[in-house]
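Report on the following structure.
The values are calculated or read from the model by the stated rules, or taken from the named source; none is laboratory data. Predicted model, so just to flag it, every value in this text is computed and none were measured. Cβ atoms come from the backbone with ideal geometry, glycine included; neighbour counts cover every protein chain shown.
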Amino acid sequence: MRRRWMIVGLAALAVVLGIATNVADARLLPYGPTSSTGAIGEDAGAYPFTVHVSQAQAAHTVLVCCRFETPPPTGTDGVWVVVTLSYATADRPRGASGTGLVLRSADGREFPVSNRTGSGGWLAGPDIWVRGDLAFEVAPDALEGLTLVFDPGIQLYGPMPTQYARIPLDLDPGAVLDVIELSEEQILGAGER
Amino acid sequence: MEAGAITVRTVLALLLATWPRRLVLGGLLLVPVVVGALGGFGTAEPRTFDVAPGQDVDLGPMVVRPIAFFVSDETQRTTLEITDGAEAWLGVVVEVENHTEEAITLTFPGPASDALAPQLPAGTLVTGASVAKEAYRVDDGTMGSVALPGVRTQVALLWPITDADAVPDVLPASMTESLWTFGPMSNEHQWMSLGDVWHVELPRTELPPALFEPEEDL
């Protein structure tokens, strides 16, 4: 009888130990993505980047910049959202890759940087801020409650906390411009954003 | 043998100790017999449907509306020139609307998509894959390779072909119900065909004007 209770006890202990390990793994150990929420006009950390969104606008067409001949405005079946932002890094020159840079709608849909305007992020250096425009195409019903997600997606030193920035854009679905001219990337002076 | 050891005999004795236990066990053993008597598990036959051009087809991750096809060498001339063995483009005009939460690449370089596969004599398509090589928007001729969530877009899917005359006047094409899933092994999104197939007979049309590219004078 005592032997049977021993077996039952050991089995229960194994289950409890498994659950406890899972809980500790998911909640207590410091790795996996953590978000920092920023705002327009503020610096937001997404190590090794620091991001600063200065403006976000919606439009029906965009005018692609920096071509030899300016093409006619580019339309979309959704709505264009142009985000003017600058960023710098904390360690070495890096470019913001396209994949972790999306607009997320309130219902979870994700819209990547459009591949139809030529700009998908640029190089910035340690404390060297570079500003430019990123153009996204989004569904018309997603305009309200859009958030810019800036996720460097870099595993720097193995299992460590990785940070990504979320910046709510506060766009007004009623204020959609006819056309936005995309501006060229610009290296900023000290203290500028 | 030690007293209290767990053996096959003790387990059997435990399972068959009372009448309720015996009934449950007997019922479990009868399940295959009952299923067999009712006709057994059917094999899941993929269903096939015929659709008319211009009709919405829900493939799962996206709705595709096949419209028409064209054959032309007057668009994307440079790409056509550098593609070995290509004589012209086969273009299929479709309207796509992505119903997932993430963008879907219509021309990804991974395993073949069966979202829309033109049926042509063997060897006519330059590549063996059924996935289109290029996709451009019918509206303005700009890149259309990404289907965004909730944005309905009309694009021309382009396949390079070896012989423009081998394409019949009515192009049969098949569309397969699919999943667009993230493969943790390949670390990328990929298509997985599920089974149901739609057949469509596409009428021939002209090259959409926005896609026309004049010949360059050198």
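Reported count of residues in segment A:33-81, each being touching a strand residue (DSSP E or B) at 6+ places or on another chain (Cβ under 9 Å), more than 14 Å from chain B (Cβ to nearest Cβ), within 23 Å of A:Leu177 (Cβ to Cβ) and surrounded by fewer than 19 Cβ atoms within 10 Å (Cβ to Cβ), is 8.
Of the numbered conditions (1) out of contact with any strand residue (DSSP E or B) (no Cβ under 6 Å at 6 or more places or on another chain); (2) modelled with pLDDT of 90 or more, B:Gly4 fails exactly one; give the number of that condition. Single failed check for B:Gly4: (2).
Yes/no per residue for (1) of a type in the set (S, T, N, Q); (2) in contact (Cβ under 8 Å) with a residue 60 or more places away in the chain; (3) not assigned by TED's automatic domain parsing to the domain that holds A:His52:
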{"residue": "A:Ser119", "(1), (2), (3)": "yes, yes, no"}
{"residue": "A:Pro126", "(1), (2), (3)": "no, no, no"}
{"residue": "A:Trp129", "(1), (2), (3)": "no, yes, no"}
{"residue": "A:Pro140", "(1), (2), (3)": "no, yes, no"}
{"residue": "A:Phe150", "(1), (2), (3)": "no, yes, no"}
{"residue": "A:Gly153", "(1), (2), (3)": "no, no, no"}
{"residue": "A:Gln163", "(1), (2), (3)": "yes, yes, no"}
{"residue": "A:Val176", "(1), (2), (3)": "no, yes, no"}
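The numbered conditions (1) modelled with pLDDT of 90 or more; (2) within 14 Å of chain A (Cβ to nearest Cβ); (3) farther than 30 Å from A:Pro73 by Cβ are all true for B:Glu188 except (1).
Considering segment A:1-26, and only residues there that are within 14 Å of chain B (Cβ to nearest Cβ), among the charged types (D, E, K, R) and surrounded by 10 or more Cβ atoms within 10 Å (Cβ to Cβ), the residue that is farthest from the chain's Cα centre (by Cα) turns out to be A:Arg3.
Specify which of the listed residues (B:Glu216, B:Glu188) is among the charged types (D, E, K, R) and more than 30 Å from A:Arg104 (Cβ to Cβ).
Values: B:Glu188 fails: more than 30 Å from A:Arg104 (Cβ to Cβ).
Exactly one of B:Glu216, B:Glu188 is among the charged types (D, E, K, R) and more than 30 Å from A:Arg104 (Cβ to Cβ), namely B:Glu216.
Yes/no per residue for (1) closer than 23 Å to B:Thr48 by Cβ; (2) in contact with a Leu (Cβ under 9 Å, 6 or more places away or on another chain); (3) within 14 Å of chain A (Cβ to nearest Cβ); (4) without any contact (Cβ under 8 Å) to a residue 12 or more places away in the chain:
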position: B:Gln119; (1), (2), (3), (4): yes, yes, no, no
position: B:Ser130; (1), (2), (3), (4): yes, yes, no, no
position: B:Glu134; (1), (2), (3), (4): no, yes, yes, no
position: B:Gly144; (1), (2), (3), (4): no, yes, yes, no
position: B:Gly150; (1), (2), (3), (4): no, no, yes, no
position: B:Ala156; (1), (2), (3), (4): no, yes, no, no
position: B:Leu171; (1), (2), (3), (4): yes, yes, no, no
position: B:Thr176; (1), (2), (3), (4): yes, yes, no, no
position: B:Leu202; (1), (2), (3), (4): yes, yes, no, no
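Each residue in segment A:97-116 was checked for being closer than 18 Å to B:Val146 by Cβ, more than 9 Å from every other protein chain (Cβ to nearest Cβ) and part of a loop (DSSP other than H, G, I, E, B), and 4 of them qualify. Checked against the criterion of being in the same structural domain as B:Ile161 (by TED's automatic domain parsing), loosely packed, with under 13 Cβ neighbours inside 10 Å and touching a strand residue (DSSP E or B) at 6+ places or on another chain (Cβ under 7 Å), segment B:64-84 contains not a single residue that satisfies it.
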